[in-house]
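Each remark here refers to the structure printed beneath this line.
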Amino acid sequence: LVKDVNKTMPDGRVKSLELSWSPICDDADTVEKLMLCVRDVTEFKRLEGEANEQKRELEIIGEILAVSQEKFHEFVESAGKFIQENRALIEKTTSKSLDTIGLLFRNMHTIKGNARTYGFANLTDLVHEAEQVYDEMRKNDEAEWHQDELLAQLDAVKVLIDEYAKINDNVLGRKGPGRRGNVEK
């Protein structure tokens, strides 16, 4: 039986309801009726979502702090360049081209390798998904070029890299290339 339901109210709010079902049996242990208890867990789900988001942010903070400020800045800068290059390639390509797909794959593979080297687990997983799409297009003649989907996936990678950068800059206060980067420049 259904245990969770989301109900849209007339004013547009969405209520999360938890359902628990209890059989009511006769003396022969035959179910005569079902008792349904409905519990509004909307606030609980909202708090749970906030807690999960805070947990995720703490994981990202731990990942960032394990890398020097200089190396983190270099990673974000280089990943940004690869993403810009992939965006330009996808936007100017209207049909499947193995040369273009190969370059898209190499750029994403480089971002993934760098993210994995620095232990950016959340980022590594998302970049790997994008890389797999390119790899499938390289290997499968039937795979089609869907420009909008490729751009959306690339945007998701960019959003996550931007989130890492924002946490580094705003939460940790580690803006820019750091001391050594400033000295070198």
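The values are calculated or read from the model by the stated rules, or taken from the named source; none is laboratory data. As the structure is a prediction and not an experimental result, all values here were calculated from the model. A quick note on method: Cβ atoms are made from the backbone with ideal geometry, for glycine too, and the neighbour counts reach across all protein chains shown. Side chains included, ligands, DNA and RNA excluded: accessible areas come from the protein's heavy atoms. Shrake-Rupley method; radii C 1.70, N 1.55, O 1.52, S 1.80 Å.
Values computed for the structure shown
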| read-out | value |
| --- | --- |
| Extension reserve of the Asn6-Trp21 stretch, reckoned as 0.36 nm per residue once the Cα distance is removed | 3.7 nm |
| Calculated log10 I(q)/I(0) by the Debye sum over Cα atoms at q = 0.14 Å⁻¹ (choose from (i) -0.80; (ii) -0.89; (iii) -0.67), label | (ii) |
| With at most 12 neighbouring Cβ atoms within 10 Å, loop GluC sites (Glu not before Pro) (DSSP) excluded, longest segment of the chain | 1-141 |
| Cα-based Kirkwood hydrodynamic radius, the stretch 45-145, one decimal, Å | 15.2 Å |
| Within the accessible area of the chain (1.4 Å probe), percent carbon and sulfur | 51 percent |
| Computed helical MRE - 222 nm, the chain, DSSP H runs ≥ 4 contributing -39500 (n - 2.57), nearest 500 | -21500 deg cm²/dmol |
| Theoretical FRET efficiency, 1/(1+(r/R0)^6), r = Cβ-Cβ of Ile61 and Gln132, R0 35 Å, to 0.05 | 0.80 |
| Listed pairs Lys55/Lys175; Lys112/Lys139; Lys3/Lys45; Lys96/Lys139; Lys81/Lys158; Lys55/Lys81 exceeding 18 Å between Cα atoms | Lys55/Lys175; Lys112/Lys139; Lys55/Lys81 |
| Accessible area per residue, Å², the chain with all protein chains present, probe 1.4 Å | 65 Å² |
| Estimated distance in nm for a label pair at Lys166 and Leu98, the labels positioned 7 Å out from Cα along Cα-to-Cβ | 4.1 nm |
